[in-house]
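Read the figures in this text as sums done on the coordinates, not as results from a lab. The structure presented is a predicted model; accordingly, all values stated were derived computationally and were not measured. Backbone-built Cβ (ideal geometry, glycine too); neighbour counts: all protein chains shown.
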Amino acid sequence: MTLLFVTSSYTVSAQEKVKTVFEFAKLPYAYNALEPYIDSTTMRIHYSKHHRAYYDNFLKAVAGTDYEYQTLNEIFANISKAPAAVRNMGGGYYNHTLFWANLALTPGVPSSELKNAIETRFVSIDAFKEAFNKAATGVFGSGWAWLILTSEGKLEIISTPNQDNPLMDVVPVKGMPLVTLDVWEHAYYLKYQNKRADYINAFWSVVNWNEVSKRYENATQIKK
Ligand code: MN3
């Protein structure tokens, strides 16, 4: 190898890298909007303290690293190689953003496409809820329950520990999140104490089915 090869590096153009804007989304309703199912105090602390801390600490964890130039999707797709802070804080940031949008004062109903898909997979909406509740109740310690659409186009119910989510390469069954439920104690303890099952039941009264249906439509579009 001759020194001449060194000059070849000049032919490689420097790639202009653009930083990703990680936004802290506004809560789409008032703190007390989902009373009595989710109480105002829990909502305020959950959003303005817990969620905010995940967001702030995520920004700190990625500051000065290549992660600042990646989308959350890209980060999650290789999360197994990321530092714990990026995984925990990035997951906490994203999962809560999704969760707020997953809730609404007027729950609505699943679109006919989603309803058909749920009935095909789980027999009925009630049977789906029962299976989802089982997954949510069964999370040992802190975590999340999810309805996802896998890359094979299959609806699956999964749970994840801590702040992991179905977009991460560490999760056994990956997919696009459709329904999500936070079952960390901070999400329900003030009102429900040890009665996680009551919190999970109350959740169905405020599920934003319009949003879930939209996610389902988008997820199936991506697949096409
Ligand atoms: Mn939470």
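Between K214 and D126, the distance separating the two model label sites (each 7 Å from Cα on the Cα→Cβ line) works out to 3.1 nm. The stretch between A77 and N162 holds 28.9 nm of extra length on full extension. This uses 0.36 nm per residue minus the Cα-Cα distance. Convex hull volume per residue, computed on the Cα atoms of the chain, equals 152 Å³. Simple spin-label estimate for A197 and K154 gives 2.9 nm between the two label positions (7 Å along the Cα-to-Cβ direction from each Cα). Which of K81/K174; K26/K214; K17/K49; K60/K174; K129/K174 have a Cα-Cα distance over 23 Å? Beyond 23 Å: K17/K49; K60/K174. Once the Cα atoms are used to define both axes, helix 112-122 deviates from the longest principal axis of the chain by about 80 degrees.
Ranked by the mean number of other Cβ atoms within 10 Å of their residues, highest first, the peptides 93-102, 60-69 fall in the order 93-102, 60-69. Taking Cα atoms, how many degrees apart are the long axis of helix 84-101 and the longest axis of the chain, rounded to 10 and kept between 0 and 90? Relative to the chain, helix 84-101 is tipped by roughly 50 degrees. Against the chain, whose longest principal axis comes from its Cα atoms, helix 125-137 is set at around 70 degrees. Comparing F76, F58, F140 in a Gaussian network model of the chain, where Cα atoms under 10 Å apart are tied by springs, the biggest mean-square fluctuation is seen for F140. Distance between the modelled labels on Y189 and K26, one decimal in nanometres: 3.2 nm (7 Å Cα→Cβ projection).
The slack in the chain from V18 to I45, taken as 0.36 nm per residue of separation less the alpha-carbon distance, amounts to 6.4 nm. Remark: the chain carries a charge dipole of roughly 100 debye about the Cα centre, counting +1 on each Lys and Arg Cβ and -1 on each Asp and Glu Cβ.
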